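**Student:** The following block contains the structure, expressed as structure tokens.
Rule-based calculations on the coordinates, nothing more; no lab input. The model shown is predicted, which means the values in this text are computed figures rather than measured ones. Positions of Cβ are backbone-derived with ideal geometry, glycine not excepted, and every protein chain shown enters the neighbour counts.
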Amino acid sequence: MDKINGQNPIGFFDLEEAKGKAGQDIEVSACVHKVKNMGGFAFIIIRTPRWLIQTVYSPDSCPDSIEGIKEGCYVTVTGTVKPDERAYNGIELTLKGIKLLHNPGQDYPLHVSARKLGCSLDVNLDNRGVSLRNPVERAVFKFQEGVANGFRTFMLQNGFTEIHTPKIVAQGAEGGANIFRLDYFENEAFLNQSPQFYKQAAVAFFDRVFEIAPVYRAEKHSTSRHLNEYIGLDFEMGFINDMYDVMNMETAMLRFLMGYLKENYANEIKILGADIPEVTEIPTIRFEEAVTLIKGSKGKNKFDLEPEDEVFLCNYSKENYGTEFIFVTHFPSSKPPFYAMNDKDDPRTACKFDLLFRGLEITTGGQRIHDYNEQIEKMKAQGLDPDDFKSYLESHKYGLPPHGGLGIGLERLVMKLLGLTNIRQASMFPRDIGRLLP
């Protein structure tokens, strides 16, 4: 981090820098995480934005009183750094001074200093401003930062330009009933279901683009895998030969990402006990073959995978290929989205894929239609009126390179990397069919 006049920004604590100052005094501003009064002395555990640090109070070394200092107080402490592998994060501070900055009006309603909160998910979410002070709960979102940072770093290193697209739109990228409508002055508008239209337009002038941004789906689901607002990791790339170029790019990104997390977020991985996979080659199976393979299939003509199908296929991949990832390709072309290119060798199927991981679809992608007339025909085949998509079709009318891309659900990926049981645990302030607060 850049320093100001040779010093860290106010309130910032650098653990590695502190470890390098053994025997020296440092000042730290933090929250009191826990107080252990031992009679003649006390351990005061303080919580910085990323670390827990153990401090030792004794009236012999610290003239300031700790009367009234309790869990939840905000303080500035001065102490001498002492290396101690038994302490949190390998150091301990012998207190020389402690200044109370703020004493909360009420005690926490949850056991913030416990290893686990020990409450239901609903209680956790209802008290999110408190529950996220728990180091384990908080670590989920530091880890989530790492996933977004790793994705962005890879994209920038591989010639992608970061873009920011509108979330209030005149039409949805996927249409249907799962779209939020809103009043926009005297017009009807929608919350965008995907940056798809804008990614494709941007390929014409940037070749490769990506975005990390909210996505909105008005799905009336109340499951452990659905949110109505989530963060999408999207990219689109031009001059591809086929959808396998997109799949190869995602494989390379995931391989980079897992290494990036291990290198930069080892603290959170340790706290959360995360199992970060090795990514080598990801196996591929066609949709039709997958349906045949899945045991217990109802035998009817399927157009998509059910949740239990995704679990089965990931278990199959782990048993046969040693990986919990698997690509499923060539979904029926009659199924949306309308911008998915039909396979030239088998027009019944589309050049569309899903990536499954640990029993859950985390990615949808494919090759898009770049030819204007072909896109018109696909819209009509799916019962759509091209006149409703004039703005979108402008890009096709004036020319696009062969291109494709994908969207990854950030919360879904984090959920599976951390072994969480509910996607709401991977959303800082989740929005679902029944939750609009906090």
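**Student:** Which angle from 0 to 90°, rounded to the nearest 10, does the C-alpha axis of helix 196-206 make with the longest principal axis of the chain?
**Tutor:** Long axis of 196-206 versus the principal axis of the chain: about 90 degrees.
**Student:** Residues of region 132-162 with the amide nitrogen closer than 12 Å to a label point 7 Å from the Cα of residue 252, along Cα-to-Cβ, please.
**Tutor:** From region 132-162, the list is 154-160.
**Student:** May I ask you to list the trypsin sites (Lys or Arg not before Pro) in region 113-174 that are in a DSSP loop and have at most 16 other Cβ atoms within 10 Å of their Cβ? All intermediate terms of the calculation are to be shown ahead of the outcome.
**Tutor:** On the way: sites: 115, 116, 128, 133, 138, 142, 152, 167; in loops: 115, 116, 133, 167.
Filter output for region 113-174: 115, 116, 167.
**Student:** Shifting gears a bit: Using Cβ counts within 10 Å as a stand-in for footprinting exposure, how do 364, 349 rank, fewest first?
**Tutor:** Values: 364 17, 349 20.
Starting with the residue having the fewest Cβ neighbours, the order is 364, 349.
**Student:** If you don't mind, there's one more thing I want to ask. Can you tell which of 100, 396, 233 lies farthest toward the positive end of the dipole of the chain, using +1 and -1 charges on the Cβ of basic and acidic side chains (Lys, Arg; Asp, Glu)?
**Tutor:** Positive-end residue among those listed: 100.
**Student:** Three principal axis extents, largest first, for the C-alpha atoms of region 65-135, in Å?
**Tutor:** Here the spans come out as 42, 30, 15 Å, largest first.
**Student:** Which is farthest toward the positive dipole end of the chain among 407, 171, 384, measuring Cα position about the Cα centre, with Cβ charges +1 (Lys, Arg) and -1 (Asp, Glu)?
**Tutor:** Value: 407.
**Student:** So if each residue of separation counts as 0.36 nm, and I subtract the Cα-Cα distance between residue 284 and residue 167, what length gain in nm does that give?
**Tutor:** Working: separation 117, 0.36 × 117 = 42.12 nm, distance 3.31 nm.
Stretched out fully, the residue 284 to residue 167 stretch lengthens by 38.8 nm.
**Student:** Follow-up question, since we're still on this one. Can you compute the helix-only [θ] at 222 nm over the chain? Use -39500 (n - 2.57) per DSSP H run of at least 4 residues, normalise by all residues, nearest 500 deg cm²/dmol. All intermediate terms of the calculation are to be shown ahead of the outcome.
**Tutor:** Working: 12 runs with 127 residues, N = 438.
One gets -8500 deg cm²/dmol as the mean residue ellipticity at 222 nm.
**Student:** Could you pull the Rg and Dmax for region 15-102, using just the Cα atoms, both in Å?
**Tutor:** Final numbers for Rg and Dmax: 11.6, 32 Å.
**Student:** Please state the relative contact order of the chain as a whole percent: Cα pairs under 8 Å, 6+ residues apart? Show your work: numbers first, answer last.
**Tutor:** Working: 812 pairs, mean separation 56.0, N = 438.
Result for the chain is 13 percent.
**Student:** Considering only 59, 305, 73, whose Cα is most displaced toward the positive end of the charge dipole of the chain, charges sitting on Cβ of Lys, Arg (+1) and Asp, Glu (-1)?
**Tutor:** Towards the positive end, the residue furthest out is 59.
**Student:** Within region 15-102, count lysine pairs with alpha carbon atoms under 14 angstrom apart where the residues are 8 or more positions apart or belong to different chains. Don't skip to the answer; put the middle values down first.
**Tutor:** Numbers: 19/82; 21/82; 34/70; 36/70; 70/99; 82/96.
Pairs that pass both the separation and distance tests number 6.
**Student:** Taking the Cβ-Cβ separation of residue 35 and residue 14 as r and a Förster radius of 30 Å, what is the calculated FRET efficiency to the nearest 0.05? Intermediate results must be reported in sequence, preceding the final value.
**Tutor:** Values: r = 25 Å, r/R0 = 0.82.
Once the sixth-power term is evaluated, E becomes 0.75.
**Student:** OK, next. Between residue 55 and residues 5 or more places away or on another chain, which pairs have amide H atoms under 5 Å apart, with H built 1.01 Å from N, and which residues are they?
**Tutor:** Distant-sequence amide H within range of residue 55: 44, 45, 46, 93.
**Student:** Right, here's the next one. How far apart, in nm, are two points set 7 Å out from the Cα along the Cα-to-Cβ line at residue 315 and at residue 377?
**Tutor:** 4.3 nm
**Student:** Let me ask something additional. Checking the cross-link filter: which lysines have an alpha carbon closer than 28 Å to that of residue 167, excluding same-chain neighbours under 8 positions apart?
**Tutor:** Leaving aside lysines fewer than 8 places away in the same chain, those within reach of residue 167 are 142, 199, 220, 335, 352, 378, 380, 390, 397, 416.
**Student:** Moving on. Compute from the Cα atoms of region 199-292 the Rg and the Dmax, the latter being the longest Cα-Cα distance, and quote both in angstrom.
**Tutor:** Over region 199-292's Cα set, Rg and Dmax evaluate to 17.0, 44 Å.
**Student:** In addition: Setting aside same-chain residues fewer than 8 positions from residue 295, which aspartates and glutamates have a Cα under 17 Å from its Cα?
**Tutor:** Filter leaves 304, 306, 308, 309, 310, 319.
**Student:** Related question: How many Å³ per residue does the convex hull of the Cα positions in region 1-152 occupy?
**Tutor:** On the way: hull volume 21.8 nm³, N = 152.
Value for region 1-152: 143 Å³ per residue.
**Student:** Counting other beta carbons within 10 Å of each Cβ, put 225, 368 in order, fewest first. Display every interim value, and only then the final one.
**Tutor:** Values: 225 17, 368 27.
So the residues, fewest neighbours to most, are 225, 368.
**Student:** Determine the sum of side-chain charges near residue 310: Lys and Arg each +1, Asp and Glu each -1, restricted to other residues whose C-beta is under 12 angstrom from that of residue 310. Working shown, then result.
**Tutor:** On the way: positive: 225, 358, 412, 416; negative: 304, 306, 308, 309, 324, 354, 361.
Taking every Cβ under 12 Å from that of residue 310, the sum is -3.
**Student:** I would also like to ask the following. When you take every Cα atom in region 207-362, what is the radius of gyration, and what is Dmax, the widest Cα pair distance, in Å?
**Tutor:** Spelled out, the Cα radius of gyration and Dmax of region 207-362 are 16.8, 50 Å.
**Student:** Hey, fewest Cβ within 10 Å first, where do 226, 370 land in order? Please list the in-between numbers first.
**Tutor:** Numbers: 226 17, 370 22.
So the residues, fewest neighbours to most, are 226, 370.
**Student:** When Cα extents along the principal axes in Å is calculated directly from the model, which label among (1) 65, 53, 37; (2) 83, 55, 41; (3) 82, 59, 47 fits?
**Tutor:** Read-out taken from this structure: (2).
**Student:** Compute the separation of the alpha-carbon centres of region 184-249 and region 71-92 and state it in Å as a whole number.
**Tutor:** Between the Cα centre of region 184-249 and that of region 71-92, the gap is 44 Å.
**Student:** If you line up the long axis of helix 243-264 against the longest principal axis of the chain, both from Cα atoms, how many degrees apart are they, to the nearest 10?
**Tutor:** Tilt of helix 243-264: around 0 degrees.
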